[in-house]
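The values are calculated or read from the model by the stated rules, or taken from the named source; none is laboratory data. These numbers come from a predicted model, not from an experiment. Every residue, glycine as well, gets a Cβ built from its backbone with ideal geometry; the counts of neighbours run over all protein chains shown. Side chains included, ligands, DNA and RNA excluded: accessible areas come from the protein's heavy atoms. Shrake-Rupley method; radii C 1.70, N 1.55, O 1.52, S 1.80 Å.
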Amino acid sequence: MDWADGAVRWIDQRRLPHRFEQVESRDPEDVARAIETMAVRGAPSIGAAAAFGLALAWRVDRARFESHWLPRFRATRPTAVNLFHACDAMAEAASGAGAGDAGMLDAAQAWADAEVEANRRMGECLAGLLAVGQRRILTHCNAGWLAAVDWGTALSGVYQLARAGERPFVWVDETRPRLQGARLTAWELGQEGVDCRIQADGAAAWRMALGEVDAVVVGADRIAANGDVANKIGTYALSLAARAHGVPFYVAAPTSTLDAACASGADIVVEEREADEVLMMDGMDEDGVWRRIRVAAPGADAVNPAFDVTPAANVTAVVTENGVWRSG
Ligand code: MRU
């Protein structure tokens, strides 16, 4: 996710790992749709996308910046608070003295750079925690550089260990229904040379029961003031299993994911996505053709909450760029 020659540029994550496609656009509506359709996804990445999209909106349609574009970007996805914090930062930049095209681009770039630096520092803290013999890590969804502009949240610590010559190992939950783990995390870890195995989400508790997980590390989309954590659906179940088996459960998130205005998890809006994400599957067949097939019983309907809330009591520690906060 970056800015190149007057356009916003992103990787279309829906086609990974089969196709690496970069998209460039000078139309802010394309950027908003990229967030909605999850071509760009992951809390820090969608915040940065909104910041760059709003810098573009300022350039091409300044008259409607407040009336149309700010609400448009705020409506793209409801749960990750980074998106709303990025929109607030851009609204503030727009009302400031230096609000020219260059000033707005600088504000968007500063937002993205701050996320990357926060994730790098958070990774250092996490690597320090994991250094005490917790090298078999279980993660859920994708909380790597695709999700966070660079470095990642949960995976930042893993990458820092690997770059320091350590040999972390990652159990990758496939992460139904959109398979961010199987598609994106496994691909990213492969690019970084980190050993991993994909497992069905339902295998995670059993893996802990077998004593093969030293720590669970996940990212977050919003952390309430009381420490409750919204993250990808399935995270709550992982926290229960981790607690039952005495496995540390770490949440890695930059401070842009903290929501002081949200008293507890009960106030977090959990996104409901379309049933087809559960009923259908898409991917590449053996002949390299992209296909979409129905896997569920014909006529059956489905529910599809995209996130859940893990109570603070189940979280061993939250790791941010400012250090480790022990909660549960
Ligand atoms: O629906 P997604 O794929 O955007 O959900 C992403 C997650 O739940 C991540 O774990 C979260 O954003 C934190 S890590 C960047």
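When residues of the stretch 199-228 are filtered for being closer than 19 Å to Val158 by Cβ, more than 10 Å from the ligand (Cβ to nearest atom) and of a type outside the set (D, E, K, R), how many remain?
7
So which strands (runs of 3 or more DSSP E) are wholly in the stretch 146-224 and hold at least 2 residues that are among the aromatic types (Phe, Trp, Tyr) and either modelled with pLDDT of 95 or more or surrounded by fewer than 18 Cβ atoms within 10 Å (Cβ to Cβ) (or both)?
169-173
Could you list, in sequence order, the residues of the stretch 263-288 that are more than 16 Å from the ligand (Cβ to nearest atom) and either within 30 Å of Arg121 (Cβ to Cβ) or open to solvent by 60 Å² or more (accessible area, probe 1.4 Å) (or both)?
Ala263, Ser264, Ala266, Asp267, Met284, Glu286, Asp287
Could you tell me whether any residue of the stretch 236-256 is under 21 Å from Phe169 (Cα atoms), touching a His at 6+ places or on another chain (Cβ under 6 Å), among the hydroxyl-bearing types (Ser, Thr, Tyr) and assigned by TED's automatic domain parsing to the domain that holds Arg176?
Looking for residues that are under 21 Å from Phe169 (Cα atoms), touching a His at 6+ places or on another chain (Cβ under 6 Å), among the hydroxyl-bearing types (Ser, Thr, Tyr) and assigned by TED's automatic domain parsing to the domain that holds Arg176, one finds none in the stretch 236-256, hence no.
Suppose we keep only residues that are among the small types (Gly, Ala, Ser) and in a helix (DSSP H, G or I) within the stretch 7-48. Which one would you say is farthest from the ligand (Cβ to nearest atom)?
Initially, the stretch 7-48 is screened for residues among the small types (Gly, Ala, Ser), giving 7, 25, 32, 34, 39, 42-43, 45, 47-48.
In the following step, the residues that additionally are in a helix (DSSP H, G or I) were identified as 32, 34, 43, 45, 47-48.
Values: Ala32: 15, Ala34: 12, Ala43: 4, Ser45: 7, Gly47: 10, Ala48: 11 Å.
Top of the filtered list is Ala32.
When you check Gln191 against the structure, is it among the polar types (S, T, N, Q), free of Cβ contacts under 8 Å to residues at least 24 places away in the same chain and more than 10 Å from the ligand (Cβ to nearest atom), yes or no? Break it down stepwise before answering.
On the way: among the polar types (S, T, N, Q): yes; free of Cβ contacts under 8 Å to residues at least 24 places away in the same chain: yes; more than 10 Å from the ligand (Cβ to nearest atom): yes.
For Gln191, the condition - among the polar types (S, T, N, Q), free of Cβ contacts under 8 Å to residues at least 24 places away in the same chain and more than 10 Å from the ligand (Cβ to nearest atom) - is met.
Could you tell me whether the stretch 286-306 includes any residue that is hydrophobic (A, V, I, L, M, F, W, C), without any contact (Cβ under 8 Å) to a residue 60 or more places away in the chain, within 25 Å of Gly42 (Cα to Cα) and not in a loop (DSSP other than H, G, I, E, B)?
Checked the stretch 286-306: no residue is hydrophobic (A, V, I, L, M, F, W, C), without any contact (Cβ under 8 Å) to a residue 60 or more places away in the chain, within 25 Å of Gly42 (Cα to Cα) and not in a loop (DSSP other than H, G, I, E, B).
Given (1) open to solvent by 50 Å² or more (accessible area, probe 1.4 Å); (2) among the aliphatic types (A, V, I, L, M); (3) not in a helix (DSSP H, G or I), identify the lone condition not met by Ala110.
With respect to (1) open to solvent by 50 Å² or more (accessible area, probe 1.4 Å); (2) among the aliphatic types (A, V, I, L, M); (3) not in a helix (DSSP H, G or I), Ala110 is out only on (3).
Mind counting the residues in the stretch 238-262 that are among the small types (Gly, Ala, Ser) and more than 14 Å from the ligand (Cβ to nearest atom)?
Residues that pass the stated criteria total 6.
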